[in-house]
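See structure below.
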Amino acid sequence: MTSIQDKIRTLKREKNAVILAHFYQTMDIQEVADHVGDSFELARRAQETTGDTIVLCGVRFMAESAKILNPQKTVLLPAPDAGCPMADMVTPEDVRALKAQYPDAAVMCYVNSSAAVKAECDICCTSSSAVRVAKSLKEKRVIFVPDQNLGAYVASKVPEKEFILFHGFCPIHHHVAASDVKASKAAHPDARVLVHPECTMEVLELSDYVGSTAGILEYVSKSKDSEFIIGTEMGVVERLRQTAPDKIVYLLSPRLLCPNMKKTRIEDVLKSLENGVYEIKLPENELKDARACLERMVAVQ
Ligand code: SF4
């Protein structure tokens, strides 16, 4: 019997499609993907791909970013309701109001934002590039949307600039508490604590390493230590158990599960390829302005 994964691989070849999957996707999807990465890696891969169709297994803003960077290609999001609550916290109107209030400031947006918001901003960043991007700006004042936690982390690393932080947050990372870190450290005293900068400053201050999902994966694979407490979405723990079986990894908190990232099922990926659904379509002017915002980030890398 042909498995769903086999059918997907056959259809991919027939349709000259590529599958890009985020690290937070389930392992059966990661196994059929051409590339697995964090938001930045997926944006970069989307820009390099020679496929006619990109199937983005992640959440909507990621598929929008792939479309922005490849306006001539068909970009499909297998689970149309997979959104990012943090991205939805900021609107283009919010950004316009901040720009009116701080006309001398550069406007920087986290990649976890809609295409419409990116179109209003000067430059985009990912969690791995945020500090570099902020340092590259000539303006002294920087409006940062939507993540208050990543913004506060960047501000702590770039003290020469003044940051105006929007009040958005990731509901998954924001609710990890300092007490979770203390309890986990007490239970696993030899483990290093690695956390994502979408967590609060209190949590970051208790950790040994702060980095993007890709940064955390690399840290574990290169480290001489053998035990790690992982403070990001549980998909990273699943991946580490497969790719670094000699290391012992613990999830910092059972709350680190993003329901939106788990909305895409392997059956949805098959349906997406079979029926060409659900196609991302963006207005022409939004595409153009959001593309300039994303390309400025890529140029800083
Ligand atoms: S983990 Fe947080 S930031 Fe990432 S998609 Fe889920 S809600 Fe959005």
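Counting just the residues of segment 256-272 that are assigned to a loop (DSSP other than H, G, I, E, B) and surrounded by 15 or more Cβ atoms within 10 Å (Cβ to Cβ), which one comes out nearest to the ligand (Cβ to nearest atom)? Write out each step before concluding.
Taking segment 256-272 as the starting set, the residues that turn out to be assigned to a loop (DSSP other than H, G, I, E, B) are 256-265.
Restricting the remaining residues to those that are surrounded by 15 or more Cβ atoms within 10 Å (Cβ to Cβ) gives 256, 258, 260-265.
On the way: 256: 8, 258: 3, 260: 5, 261: 5, 262: 9, 263: 10, 264: 12, 265: 17 Å.
The selected residue is 258.
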| field | Matching residues, segment 204-222, being surrounded by 16 or more Cβ atoms within 10 Å (Cβ to Cβ) and either charged (D, E, K, R) or within 15 Å of residue 173 (Cα to Cα) (or both) | value | 204, 206, 207, 210, 211, 212, 213, 216
| query | Quick one: would you say residue 133 is buried (at least 16 other Cβ atoms within 10 Å of the Cβ), part of a helix (DSSP H, G or I), outside the structural domain of residue 44 (by TED's automatic domain parsing) and away from the ligand (no atom under 16 Å from the Cβ)? | reply | yes
| field | Odd one out for residue 275 among (1) of a type in the set (S, T, N, Q); (2) in the same structural domain as residue 42 (by TED's automatic domain parsing); (3) buried (at least 21 other Cβ atoms within 10 Å of the Cβ) | value | (3)
| query | Would it be correct to say that residue 225 is surrounded by 20 or more Cβ atoms within 10 Å (Cβ to Cβ) and of a type in the set (D, E, K, R)? | reply | no
| note | Note on segment 184-202: residues of a type in the set (A, V, I, L, M, F, W, C) and closer than 21 Å to residue 24 by Cα are 193, 194, 195, 199
| What number goes with the only condition from (1) within 16 Å of the ligand (Cβ to nearest atom); (2) under 19 Å from the mean Cα position of the chain (by Cα); (3) farther than 21 Å from residue 25 by Cα that residue 209 does not pass? | (1)
| query | Which residues, taken from segment 139-182, are assigned to a helix (DSSP H, G or I) and away from the ligand (no atom under 15 Å from the Cβ)? | reply | 152, 154, 155, 156, 157, 178, 179, 180, 181, 182
| query | Since residue 203 meets every condition but one in (1) without any contact (Cβ under 8 Å) to a residue 40 or more places away in the chain; (2) within 16 Å of the ligand (Cβ to nearest atom); (3) in a loop (DSSP other than H, G, I, E, B); (4) closer than 21 Å to residue 148 by Cα, which condition does it not meet? | reply | (3)
| task | Quick one: in segment 206-230, of everything that is among the hydroxyl-bearing types (Ser, Thr, Tyr) and touching a residue at least 60 places away in the same chain (Cβ under 8 Å), which residue is farthest from residue 22 (Cα to Cα)? | result | 212
| query | Would a scan of segment 26-47 turn up a residue that is more than 29 Å from residue 241 (Cα to Cα), of a type outside the set (Gly, Ala, Ser), touching a Leu at 6+ places or on another chain (Cβ under 6 Å) and surrounded by fewer than 21 Cβ atoms within 10 Å (Cβ to Cβ)? | reply | yes
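Being in a helix (DSSP H, G or I) and surrounded by fewer than 16 Cβ atoms within 10 Å (Cβ to Cβ): is that true of residue 186 here?
Judged against the criteria, residue 186 is a match.
Could you check segment 229-254 and list, in sequence order, the residues that are within 16 Å of the ligand (Cβ to nearest atom), over 24 Å from residue 8 (Cα atoms) and surrounded by 15 or more Cβ atoms within 10 Å (Cβ to Cβ)?
Listed by number, the residues that qualify are 230, 231, 232, 233, 234, 237, 251, 252, 253.
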| Close pairs (7 angstrom Cβ cut-off, 6 or more residues apart or separate chains): farther than 19 Å from residue 74 by Cα in segment 282-295, basic (Lys, Arg) anywhere | 293/118
| note | Counting only residues in segment 140-159 that are charged (D, E, K, R) and out of contact with any Lys or Arg (no Cβ under 8 Å at 6 or more places or on another chain), the one surrounded by the fewest Cβ atoms within 10 Å (Cβ to Cβ) is identified as 157
| field | Every residue from segment 50-76 that is in contact (Cβ under 8 Å) with a residue 60 or more places away in the chain, part of a loop (DSSP other than H, G, I, E, B) and away from the ligand (no atom under 13 Å from the Cβ) | value | 71
| note | All-but-one check, residue 230 against (1) in a helix (DSSP H, G or I); (2) at pLDDT 95 or above, failing number (1)
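The values are calculated or read from the model by the stated rules, or taken from the named source; none is laboratory data. Keep in mind that this is a model prediction, so the values were computed, not measured. With ideal geometry, Cβ positions are generated from the backbone for all residues, glycine too; neighbour counts draw on all protein chains shown.
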